Amino acid sequence: MNSKKIGIVGLGLIGGSLGLDLYQKGHYIVGISRSQETCDRAMERKVCHQASPDFKLLNDVDLIFLCTPIGSIVPTLETISSELSPSTIVTDVASVKGEIVQKCSEIWPNFIGGHPMAGTAFVGIEAAQYNLFKNAPYVLTPIENTPSQSLECLKKIIAQLGSIPYITNPEEHDCAVAWISHLPVIVGATLLESIDSKAPSNILELAQKLASTGFKDTTRVGGGNPELGLMMAQYNREAILDSLIKYQQVLQEITDLIRQQKWNALEDILRKSQASRPYFLKD
Ligand code: NAP
């Protein structure tokens, strides 16, 4: 595909990682950060060719990725929209889509919601890394009026990241990610919170020394960026509440089985969960 001029607003983990890959694919990248220091570092790291806190840099780009925190996506688009050419395609990367897609499409008809399903526990420009999105799902949520040529263009760009594109609507996206992304963030946080900090210090120190791969796997998302977890809960509240209620039911069922020493029934549940994991995760 022809190289494009691409704008990235918010040069953190996701924005910075998009910039690293798309720069390397031959696109011309312009970055926007609120701080000049981040702009300088982004150019030094080859995240973008040009970077500035000034939104005017976006006035002739083909495509913009909005990569700010969830709560800042709509206000950011409101601020920049007067600087943009009508042909500019705007997409975002926020982990929640319903309200954001609705509001952004009203502000900018050439808007397509997006969500790369990849991340780490770190934030900011230094956390940006190459190939973060490779082999990871990348969800796009066009709506009825989304221009089809804009969708095709965006699909080609995300294919260059090595991502696997999925097209769905914002509501279905939010229900599905509540189960596989947002609930695990809350549950991961509760695992960390459930460690009894009043336990004898020698036992706490032993637990700290013994914590290894199992603890790492089960708490990674719960120990990540607190601002992201908070905004997932605020912006996908209904779907998270539904999944938390279901989670509490299952937890109560398991608690009762252990209290009543119903080991066969507990084994049935654990066998069922062992069998269901490969349905969601291939390796
Ligand atoms: P991040 O590393 O903190 O980056 C966000 C960047 O946005 C910051 O570096 C900051 O850059 C800028 N920013 C912060 N507050 C802002 C505000 N009020 N207004 C304008 N810009 C602001 O976070 P991230 O993990 O990249 O997350 C960014 C987006 O990616 C979020 O919408 C999140 O839902 C989505 N996402 C995250 C993950 C993940 O696992 N982390 C995965 C998929 C999608 P400056 O200070 O330089 O302006």
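The values are calculated or read from the model by the stated rules, or taken from the named source; none is laboratory data. Since this is a predicted model, take the numbers as computed values, not measurements. Cβ placement follows ideal geometry from the backbone for every residue including glycine, while neighbour counts extend to all protein chains displayed.
Selection of segment 218-236 for residues being within 8 Å of the ligand (Cβ to nearest atom) and either part of a helix (DSSP H, G or I) or exposed (fewer than 14 other Cβ atoms within 10 Å of the Cβ) (or both) yields Glu227, Leu228, Met231, Met232. Count of segment 177-197 residues, restricted to those that are without any contact (Cβ under 8 Å) to a residue 24 or more places away in the chain and in contact with a helix residue (DSSP H, G or I) (Cβ under 9 Å, 6 or more places away or on another chain), is 3. Looking across segment 50-64 at every residue that is within 15 Å of the ligand (Cβ to nearest atom) and closer than 15 Å to Ser81 by Cβ, the one that is surrounded by the fewest Cβ atoms within 10 Å (Cβ to Cβ) is identified as Phe55.
Against the test of being away from the ligand (no atom under 16 Å from the Cβ), in a helix (DSSP H, G or I) and either of a type in the set (Asp, Glu) or modelled with pLDDT of 95 or more (or both), the options Glu144, Glu99, Glu106 yield a single qualifying residue, Glu106. Residues in segment 12-49 that are within 14 Å of the ligand (Cβ to nearest atom), part of a loop (DSSP other than H, G, I, E, B) and of a type in the set (Gly, Ala, Ser) were compared, and the one that is nearest to Ala94 (Cα to Cα) is Gly12.
Yes/no per residue for (1) touching a residue at least 40 places away in the same chain (Cβ under 8 Å); (2) more than 30 Å from Ile164 (Cα to Cα):
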| position | (1), (2) |
| --- | --- |
| Gly223 | yes, no |
| Leu230 | no, no |
| Ala233 | yes, no |
| Leu266 | no, yes |
| Pro278 | no, no |
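Within segment 121-138, residues that are without any contact (Cβ under 8 Å) to a residue 24 or more places away in the chain and closer than 23 Å to Ile164 by Cβ reach no partner that is of a type outside the set (Gly, Ala, Ser) and more than 8 Å from the ligand (Cβ to nearest atom) with beta carbons closer than 6 Å at six or more positions or on different chains.
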